[in-house]
Structure formats: structure tokens, C-alpha cells
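The values are calculated or read from the model by the stated rules, or taken from the named source; none is laboratory data. Treat the numbers as computed from the prediction; the structure is a model and nothing was measured. Note that each Cβ is placed from the backbone with ideal geometry, even for glycine, and that neighbours are counted across all protein chains shown. In case anyone asks, the SASA skips ligands and DNA or RNA and just uses the protein heavy atoms, side chains included. Shrake-Rupley method; radii C 1.70, N 1.55, O 1.52, S 1.80 Å.
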Amino acid sequence: MHITRGFTGRPRVADPGLPPGQYDAGDDWPVLSAEVTPDLAPADWTFRIDGLVDQPRTWDWEEAHRLPPSAYEGAIHCVTSWSKFGVRFAGVSLDAFWDVVRPHGSATHAVAYSHTGYTTNLPLADLTGGRAWIAWEYDGRPLAPEHGGPARLLVPHLYFWKSAKWIAGLRILDHDEPGFWEQNGYHERGNPWEEQRYSGD
Amino acid sequence: MTDTFVPPTRFAVPGRIAVSEQAASVWQTATLTGIRRETARAATFRLAVPGWPGHLPGQHLMVRLTAEDGYVAQRHYSIASAPDDSGHVELTLDHIEGGEVSGWFHTVARPGDRVEVRGPVSGFFAWPGDRPALLIGAGSGVVPLMSMIRHHRARNLAVPLRLLVSARGPEELIYAGEFGAETTPVFTRSAPEGVPVGRMAAAHVAPLLAEQPSGGWEAYVCGSNSFAEHASRLLVTAGQPVERIRIERFG
Ligand SMILES: Cc1cc2nc3c(=O)[nH]c(=O)nc-3n(C[C@H](O)[C@H](O)[C@H](O)COP(=O)(O)OP(=O)(O)OC[C@H]3O[C@@H](n4cnc5c(N)ncnc54)[C@H](O)[C@@H]3O)c2cc1C
């Protein structure tokens, strides 16, 4: 570590909720996506889970909304260094989907893919146990298209590039398969508390 | 299952530019060797990076500043310079009001200072100079696009290259003196005599899409999120395929 001459940074209070290397973006919610924001109406949105599961299945908007509602309130962390506190998302816990499709015992990982073709990989363990959602509401309103609306994956305990916008499906695998940013040098898992930003971290 | 799953997509992951994992994960000490003013709000910072692994036009790096108490701030910055073997990279930073990192660069930094850098990171927005490129940027979003133009010139590339760049006025146009026939500036607040004032519009994009080079354009859009949304929509409306639009959003 090299001290930068004359750099003090902003006055700060130690915030135990802030992972290392992150700052509090406050009311800002920066948008980071590499592709054109798709024009995707709720009526055209579908969500599929297949691969190593007993019952591969596709849900449409109405069917997904009939699953038990679930909400997340807490923080999100972007690899570009901002964190955002007290966000409120509503949708369905992925556990409700797992109950239907039932992953095989050999399943270890998932590739999440979006309606645009974006992909990201996750260990299955990060998508179970009430830690991941399909979210379609933010702060009581429909999720905005540029933030992944009509529906996005939400895995708030990992860096936010794992929370695929415009989620289209999960392919369940017995091995890990790097997604879009992971092929572009980002970390396989992306745990903000361990600062797993780039591969090799 | 060993086959690689290909999702149903309109937006192809290019995957054609490998990123060096080694380079992306190592922090290196860079020494500031020069500062060049571009506009009242933007300046270029030249850094000597002894172990720089090289980059492609369009890539960015991370800069890390560390305070005496161990507090760390890190930000992404696009590389402005073309790839060369000088062991230097140049960054062009906007001075953001109240900004931690850009504020340090603009008010404290002087030649001889050292900062840490890591990269280059991400190959998605990179342009190796292989395909016709249609570049659209606003504000400091022109930085990675300038690296492409400089590369095009340095290598005397014949592949078509065009730049549409938006700025509030001529005095805020970064690299104004360096643009050539490939560039069309768009001014949103004030413009020289005879040049219209207004937002980038379909009329700016249409002529460029009308002159399709063989193989079609690869479009690169860079700037604030609202600009990126606006410009990418103009491109899609004008017929540019979505899977051939790459966007770098500065937040
Ligand atoms: C891929 C990529 C490439 C980029 N390339 C470039 C480039 O080439 N050139 C360039 O100029 N920028 C670039 N950026 C933007 C850059 O990374 C920084 O976001 C920018 O320089 C601002 O950083 P900062 O530390 O100066 O400001 P920050 O400290 O991050 O502040 C940003 C804004 O938030 C406000 N703010 C945030 N937190 C607080 C707080 N606690 N208290 C008060 N105010 C606060 C500040 O007042 C300011 O208005 C790029 C971004 C990305 C993602």
C-alpha cells in the first residue's frame, strides 16, 4: 500500500455496513450495463429454470406473480465501488422456484442469463436459503427498465453484476461456467466483503 | 453436461478480446509525469507505469488513492492514450464538484506524485482496430473514443472511423484541437456562429448509418447513463443492430 501525498478523502464515519473499498452512494443509483436497455413489456417477460433439475419449467409474468411474495430490504454493492443502503425490492424468493423445479443432488452452479443475452455464473448455494430473489418492484414501484425491469435477479450479498437485469432464466449445472464479466476478467464469485473484484483477488 | 450453454440472445457477448487476469489483479505504482489542461473542467494526467502490460483502445484501468489513516478510494478511468511502448498511459479526468478522486487529481496532484493503478480491466469496450467503428460520446465519454482515434492515426489504419461527440459548448469540448474530418461535434448550449445548438438527434446519426461500410459499423457509445440511453436509442431507431452496440456508462 502506498500513501498518496495530500489525499485525505471525504470526512467519514466508520460504517460497519460498508464493505472494504466501497463508498455510500446515498440517493444515487448509478446504472452500469454494457448493452442497450431492452424494450421488454411484462407480458413478454418469461423466466425459465432448466438443466440439472427434476422439473424444468418456464413462468410468465402472471404465473410468477402467483408465487408467494417476498421482499428484500438492505444494502447492495457494486464492483465499481458504490454501495447503496436501505433499498427495498419486492418480488419472489428463488426458494419458491426451487420448490417447483427441484435441483438434482449433483447440481453445484447456475448460469443466469438475461433477455439481452447477458450471462453471469453463481454457485447454487448463493441462490438458495432465502438469499436470492426475482425482483420486480423497487421502493413500491415497478422496477425501471434501466435497472433491469420488468424483472431482475437479486443476489444482494454478492457484487451487483451477479444480479442479472432482465432475467430470462437459470441453467443449473454440475460445474462452474464463467459469464459475461467473468470472461472479461471479473471474479468468479464476487463477495464484496472479501473484495473479490477481479479474477485472482 | 460439458457443452457450453448459449442463451437465446440478440446481444452477443463478443468474447474476442482476452483480458490478462494477471494484469487485472495486480496493483502497480504509477508516477505522474505531466499534466495537460484540456478545458476549464478537464485535464489530462500522464502516468509512467513501469510494468504496464499494454492495452487496447477503449479499455480502462482502476486508480487507487490511499490516505494516511489507510482510507482507500478507487475509481475507474478510461485510457485516453493509444497503445504504444512508451511505458506511459494518459487519463483525462473531469473535475467533479466535491469528487474525492478527481478532486485530488485536479487540486493536489503534481508531477512526481505516485498513485496505484491496476489494469487494464475489461475487454468489452475495446476496439483493436479491426472493424469499422462508429463512435458516439458526450463529455468525458469521449476519452476512450479518443484512444481509438489516436490508435487509428498512429497505425495509419484504413478501416472507416467516425466520431459524433456532444459537449455543452466549444470551450467544453475535450480534445477540440485534435479532431479531424472523422469528427462531428454537437453542441447543446452554445455553438460557434452558424452551427446549430441542440441535443444529439436522429439527424446526426442518420447520415452515418446511411454510409454503411462493408461489414457494417461496430458502434461504441460512452458517457453518462442518460446520454448512453439516449444515444443507444437513436442508434437502434436508425437501424443499428443491438448486438453491435457497446456501451460504457460512467455512472
Ligand atoms: C468504466 C468507467 C470509466 C470511466 N472513465 C472516466 C474518464 O475517462 N474520465 C472521467 O472523468 N471519469 C471517468 N469515469 C468516472 C469516474 O470513475 C468517477 O466516477 C469520477 O471521476 C468521479 O469520482 P470522484 O471520486 O471524483 O467523485 P466521487 O467522490 O465519487 O463523487 C461523485 C459525486 O457524488 C457526490 N458524493 C458522493 N459521495 C458523497 C459524500 N459522501 N458526500 C458528499 N458528496 C458525495 C460528489 O459530490 C460528486 O458530485 C469512469 C467511470 C467508469 C465506470
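For the reader, a short list of remarks on this structure follows.
- Flag: B:Glu248 matches the condition of being within 16 Å of the ligand (Cβ to nearest atom) and either outside any loop (DSSP other than H, G, I, E, B) or touching a residue at least 60 places away in the same chain (Cβ under 8 Å) (or both).
- Cβ-Cβ under 7 Å pairs, at least 6 apart or on other chains, region A:66-85 side assigned to a loop (DSSP other than H, G, I, E, B), far side modelled with pLDDT of 95 or more and surrounded by fewer than 19 Cβ atoms within 10 Å (Cβ to Cβ): A:Leu67/A:Ala96; A:Pro68/A:Ala96
- Scoring B:Val186 on the criteria (1) open to solvent by less than 30 Å² (accessible area, probe 1.4 Å); (2) of a type in the set (Val, Ile, Thr); (3) within 14 Å of another protein chain (Cβ to nearest Cβ) leaves a single failure, condition (3).
- Within region A:60-94, the set of residues being hydroxyl-bearing (Ser, Thr, Tyr) and farther than 28 Å from A:Thr46 by Cβ comprises A:Thr80, A:Ser81, A:Ser83.
- Strands (runs of 3 or more DSSP E) wholly inside region A:111-200 that include at least 1 residues being under 17 Å from A:Val92 (Cα atoms): A:133-138, A:152-154, A:167-173
- Selection of region B:100-116 for residues being more than 11 Å from the ligand (Cβ to nearest atom) and of a type in the set (Gly, Ala, Ser) yields B:Ala109, B:Gly112.
- Region A:79-107 - residue that is over 28 Å from A:Asp15 (Cβ atoms), buried (at least 17 other Cβ atoms within 10 Å of the Cβ) and of a type in the set (Val, Ile, Thr) and, of those, farthest from the chain's Cα centre (by Cα): A:Val101
- Scan of region B:71-97 for residues that are open to solvent by 20 Å² or more (accessible area, probe 1.4 Å), in contact with a helix residue (DSSP H, G or I) (Cβ under 9 Å, 6 or more places away or on another chain) and more than 12 Å from the ligand (Cβ to nearest atom), ordered by number: B:Pro83, B:Asp84
- B:Ala126 vs. criteria more than 8 Å from the ligand (Cβ to nearest atom) and either within 30 Å of A:Ser199 (Cβ to Cβ) or within 12 Å of chain A (Cβ to nearest Cβ) (or both): yes
- Subset of region A:1-53 [within 16 Å of the ligand (Cβ to nearest atom), open to solvent by 70 Å² or more (accessible area, probe 1.4 Å) and more than 19 Å from the chain's Cα centre (by Cα)]: A:Thr8, A:Arg10, A:Pro11, A:Arg12, A:Val13, A:Ala14, A:Asp27
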